[in-house]
Amino acid sequence: MQPTEQPNNCIITIFGASGDLTRRKLLPELFNLFRRERMPASFAVFGVSRTPHSDDAFRAEIRSALDDGEDPVPAELAESFCSHLYYQPGDVTDPASFAALAERLQVIDREQGTGGNYLFYLSTAPALFADITDSLAAHGLHDGGDAWRRIIYEKPFGYDLATARELNDRIANVFHEDQVYRIDHYLGKETVQNMLVFRFGNGIFEPLWNRNFIDHVEITAAEHYGMEGRGKTYDRSGALRDMFQNHLMQVLGMVAMEPPARFNADALRNETIKVFQALRAIDPDEIEDRVVRGQYTAATIDGDPVPAYRGEHGIAPDSGTETYVAVKAFIDNWRWGGVPFYVRTGKRLPTRVTEVVVHFKQTPHRLFGESISGGGRNNQLIIRIQPDEGILIKFNMKQPGGGFEMRTVNMDFHYGDLANQYVPKAYERLLLDCMLGDATLFARRDALEACWAFVDPILTAWQTPAATKLHGYPAGTWGPIAATDLIEGSAGDWRYPCKNLTDDGEYCEL
């Protein structure tokens, strides 16, 4: 995407417009595009949901949401943006309601001069995705002739491999693959995209990016909060479906991919699918050795009691849903043969942090022996995705004074050091890309199904409770002790990050 490229005029229709995602993310980030003059010259945002709003009521609600954001909002600019908002109450489970929807779209199209270009955003329960898709087709909304029609599907996309394939088949009966945008907001994060530039835009890292120099790789997505009102929804998914299958596997794909021949959607996604297809399958008898699942128990954090997962609102007292998962993965290709990738995610961990840690091999001859203080011996490259976004390199230097005692020191870069540099938020970048027709940062069907194919054997094993242990871990700790046993050989332990990129330790402030 070129920085100055402007999208075509269009109508963005949001199904589930009265939901939390629309209020907190979609409309505020469309407004950010508007204030930066990145929206089309003529556009409309058309909300559809069961809530009986009028246009004016919807505009007032979104106007309030803009004021609730982090940054001050110029009143005149906000009013101008909200004048482009429309709303129509409707039951998306009733195919007949789409006739009225189609008529209203034509009216808005004529008023705003959007040229018949429609973008549909499905911010609804995933169970409604297929039926909404079919209803759009039944009223001819999927095909604009000379105008473009595109559709965005929120996660989760499927519940397992079978349901993901079934949904993809239903969609393929209506939309061409180049019209379909399966969104994963992690790929919209600036620091995730920067991994590509870091690897392929510098000559000093890519030659080391292989099994000859890298000992192992960690990918961590830690959350310090619990259910926050999501108990019933989360209990149907768990950490493996909620975070690992989508967000973390997409990050894994970017870390491990081969350099694409050119930088476009097809070339980039062709390389990530190769990573997913090369993942070594986990056999049922390997589950215990390669996967650890856990569930947080009650604890006291900073003097405040924190309930166990099974004590959260909406959670059954005997729930076996995991709130933590750690996986040891291998990529069976020439670049990564034998290099373990340790991927973990969990709730009620000590801090909120997402990062990639590349652990390089030790020197072939340890000239200075064991004389290291202040950290591990292996050089580490840490790519921090959130918070305190940046890059940290850990390497060994001589301690001042006599002898040759070494210590580990840091060399770091923080995105926050880029003064006056605007960093777009994830949905802002992805919504703009979709309007531009750039699918680079969106999951393709084959990649999505390959990720489910890797996860499915784990889910199948977990259907037999006795087959895999569910490890308890106190809220506020770094997960089950068993997760440490995944780490091979002399590699030691996981990195224990803090909110600040340059700090690490077993315990961090929330």
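Of all residues in the stretch 339-348, exactly one satisfies the criterion of being part of a loop (DSSP other than H, G, I, E, B), out of contact with any Lys or Arg (no Cβ under 6 Å at 6 or more places or on another chain) and more than 15 Å from L240 (Cα to Cα), namely R348. Selection over the stretch 309-336 of residues that are in a loop (DSSP other than H, G, I, E, B) and under 26 Å from the mean Cα position of the chain (by Cα) gives a count of 13.
In the stretch 181-204, the residue that is nearest to E428 (Cα to Cα) out of those that are of a type in the set (A, V, I, L, M, F, W, C) and free of Cβ contacts under 8 Å to residues at least 40 places away in the same chain is V197.
For every residue, the table says whether it meets (1) more than 23 Å from F341 (Cβ to Cβ); (2) surrounded by fewer than 20 Cβ atoms within 10 Å (Cβ to Cβ); (3) touching a Phe, Trp or Tyr at 6+ places or on another chain (Cβ under 6 Å); (4) small (G, A, S).
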| position | (1), (2), (3), (4) |
| --- | --- |
| D169 | yes, yes, no, no |
| A172 | yes, yes, no, yes |
| H176 | yes, yes, no, no |
| Y186 | no, no, no, no |
| Q193 | no, yes, no, no |
| V197 | no, yes, no, no |
| F200 | no, yes, no, no |
| N212 | no, yes, no, no |
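Within the stretch 369-396, work out how many residues are at pLDDT 80 or above and not β-branched (V, I, T). Final tally of qualifying residues: 14. Scanning the stretch 117-160 for residues that are farther than 25 Å from M39 by Cβ, of a type in the set (D, E, K, R) and touching a helix residue (DSSP H, G or I) at 6+ places or on another chain (Cβ under 8 Å) yields D134, D160.
Considering only residues in the stretch 138-178 that are acidic (D, E) and touching a strand residue (DSSP E or B) at 6+ places or on another chain (Cβ under 8 Å), the one that is modelled with the highest pLDDT turns out to be D143.
Flag set for D438, criterion: farther than 30 Å from F330 by Cα, of a type outside the set (S, T, Y) and crowded, with 16+ Cβ neighbours inside 10 Å. Mind checking which residues of the stretch 214-234 are in a helix (DSSP H, G or I) and buried (at least 19 other Cβ atoms within 10 Å of the Cβ)? Across the stretch 214-234, the qualifying residue is only Y234. Does A308 qualify as being farther than 22 Å from L459 by Cβ, surrounded by 15 or more Cβ atoms within 10 Å (Cβ to Cβ), outside the structural domain of Q193 (by TED's automatic domain parsing) and touching a residue at least 24 places away in the same chain (Cβ under 8 Å)? Against the criterion (farther than 22 Å from L459 by Cβ, surrounded by 15 or more Cβ atoms within 10 Å (Cβ to Cβ), outside the structural domain of Q193 (by TED's automatic domain parsing) and touching a residue at least 24 places away in the same chain (Cβ under 8 Å)), A308 does not qualify.
The values are calculated or read from the model by the stated rules, or taken from the named source; none is laboratory data. Note that the coordinates shown come from a computational prediction; the quantities given were computed from them, not determined experimentally. Neighbour counts run over all protein chains shown; Cβ positions are idealised from the backbone, glycine included.
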